[in-house]
Amino acid sequence: MASCVCAATTVSSPSYAIPLFTSPSSSSSSPTTTKFLTKQRWKTPLIETKTMRSKKSVVRATVSIEKETPEAERPETFLRGGDAATAAESLSVRARFEKMIREAQDSVCDAIEAADGGGKFKEDVWSRPGGGGGISRVLQDGVVWEKAGVNVSVVYGVMPPDAYRAAKGSADQKPGPVPFFAAGISSVLHPKNPHAPTLHFNYRYFETDAPKDAPGAPRQWWFGGGTDLTPAYIFEEDVKHFHSTQKRACDKFDPTFYPRFKKWCDDYFYIKHRGERRGLGGIFFDDLNDYDQEMLLSFATECANSVIPAYIPIIEKRKDTPFTDHQKAWQQLRRGRYVEFNLVYGRGTTFGLKTGGRIESILVSLPLTARWEYDHKPEEGSEEWKLLDACMNPKEWI
């Protein structure tokens with residue numbers, strides 16, 4: 001879950017949401033994420049010159065998100081005064097999206113606490129002097145959940161060109177500093193039982209104003225998000241239920257959405273250095289602005305509302321299943337893969353860090369515990385091997 005609009009996700013991830021979890025330009029065809037990641041080349045200079053230090057200072061100076069301030073109570077809205085007035089008069093997309101993600105946060109947290117039967121979310125409310133803020137909720141060491149984070153954020157800021165390209169997943173455009181608005185919800189839910197899968201979801205709305213060096217340029221907007229499942233063990237009926245729920249949400253708007261966004265999800269959550277996916281997929285989309293704005297707002301709402309019916313029945317079925325130390329160790333190895341993806345490839349995480357996002361929210365997607373073993377290889381034909389094979393060779397589950 002980059003910061004929420006970070007993961008998560010996360011607004012990416014991933015998951016990328018924007019500085020929340022944090023997890024773009026129109027993309028009606030295949031995702032460009034993998035292309036962007038594989039094209040990047042990082043070079044570390046052997047000697048840091050005065051000129052280099054000066055350039056780095058310039059980049060840092062262009063990151064303009066104010067430091068967050070803790071709040072004792074949740075405000076009615078995190079929108080700036082002007083946006084809030086517009087929202088009251090015309091029900092702007094900004095206002096309705098914020099309302100949707102805050103309602104989704106409440107409903108998901110209620111469902112998580114009910115399934116846990118003991119743990120309660122810790123809530124942090126924060127704001128920024130110039131507008132924006134968020135609500136971070138984390139449940140740790142519960143009965144069912146090792147760690148569950150559900151964050152929402154509304155962010156105003158000015159991103160430097162490299163952060164803009166990270167958010168868009170494209171190196172083609174090189175604008176100057178870009179004022180932006182981002183709102184999103186991002187969540188990662190890590191159960192204790194290795195038979196119960198991890199879930200990530202992230203839904204976000206993003207607007208940019210004209211770059212500082214191009215006054216008068218048209219405002220850009222897009223929607224992004226997704227919901228994906230990461231089990232340690234495959235229960236085929238669970239995976240089919242999960243994917244069927246995603247498909248039903250997509251089919252209400254366009255029958256091409258599910259196959260397109262399912263493939264996008266498989267492509268995005270790819271751990272290149274491992275040659276495997278993070279999990280068993282779901283749906284993922286980004287840069288969506290090639291449809292009617294009202295339709296996409298409704299679509300994002302439908303997807304967010306599908307999280308509970310897609311996931312909670314699986315948790316109720318698996319949370320009390322007996323497990324062995326061997327199965328727990330395998331879960332921890334898969335959690336290691338989760339960490340690798342989020343820190344190395346998660347666009348929401350990198351975006352949140354580049355724009356000065358709230359660190360606790362950005363990194364809330366990471367599990368409490370993970371494991372790395374040298375040259376670990378599951379026995380061919382084992383249940384662990386079947387999971388790894390499915391991560392290396394994405395399947396059509398429905």
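The values are calculated or read from the model by the stated rules, or taken from the named source; none is laboratory data. All figures in this text were calculated on a predicted structure; none of them were measured in a lab. All Cβ positions, glycine included, derive from the backbone under ideal geometry; neighbour counts span all protein chains shown.
Applying the criterion of at least 1 residues that are surrounded by 16 or more Cβ atoms within 10 Å (Cβ to Cβ) and modelled with pLDDT under 90 to the strands (runs of 3 or more DSSP E) found wholly in segment 85-194 leaves 145-159, 178-191.
Which residue pairs have Cβ atoms under 8 Å apart, sit 6 or more places apart or on different chains, and have a first residue in segment 377-398 that is under 30 Å from Arg248 (Cβ atoms) and a second that is surrounded by fewer than 20 Cβ atoms within 10 Å (Cβ to Cβ) and hydroxyl-bearing (Ser, Thr, Tyr)? Every condition considered, the pairs that remain are Ile398/Ser244. Among the residues of segment 331-354, is any buried (at least 17 other Cβ atoms within 10 Å of the Cβ) and more than 22 Å from the chain's Cα centre (by Cα)? Taking every residue of segment 331-354 in turn, none turns out to be buried (at least 17 other Cβ atoms within 10 Å of the Cβ) and more than 22 Å from the chain's Cα centre (by Cα). The helices (runs of 4 or more DSSP H) found entirely in segment 278-374 that carry 1 or more residues being under 30 Å from Pro70 (Cβ atoms) and at pLDDT 95 or above are 293-305, 307-318, 325-344.
I need a count of the residues in segment 288-321 that are surrounded by 16 or more Cβ atoms within 10 Å (Cβ to Cβ), under 17 Å from Val93 (Cβ atoms) and of a type in the set (Gly, Ala, Ser). Residues flagged as surrounded by 16 or more Cβ atoms within 10 Å (Cβ to Cβ), under 17 Å from Val93 (Cβ atoms) and of a type in the set (Gly, Ala, Ser) within segment 288-321 amount to 2. Looking across segment 375-396, the residues that are part of a helix (DSSP H, G or I) and under 17 Å from His326 (Cβ atoms) come down to Glu383, Glu384, Trp385, Lys386, Leu387, Leu388.
When segment 267-287 is examined, which residues are found to be surrounded by fewer than 23 Cβ atoms within 10 Å (Cβ to Cβ) and on the phi < 0 side of the Ramachandran plot? Across segment 267-287, the qualifying residues are Asp267, Tyr270, Ile271, Lys272, His273, Arg274, Glu276.
Looking only at segment 278-291, which residues are out of contact with any Lys or Arg (no Cβ under 9 Å at 6 or more places or on another chain) and not hydrophobic (A, V, I, L, M, F, W, C)? Within segment 278-291, Asn289, Asp290, Tyr291 qualify.
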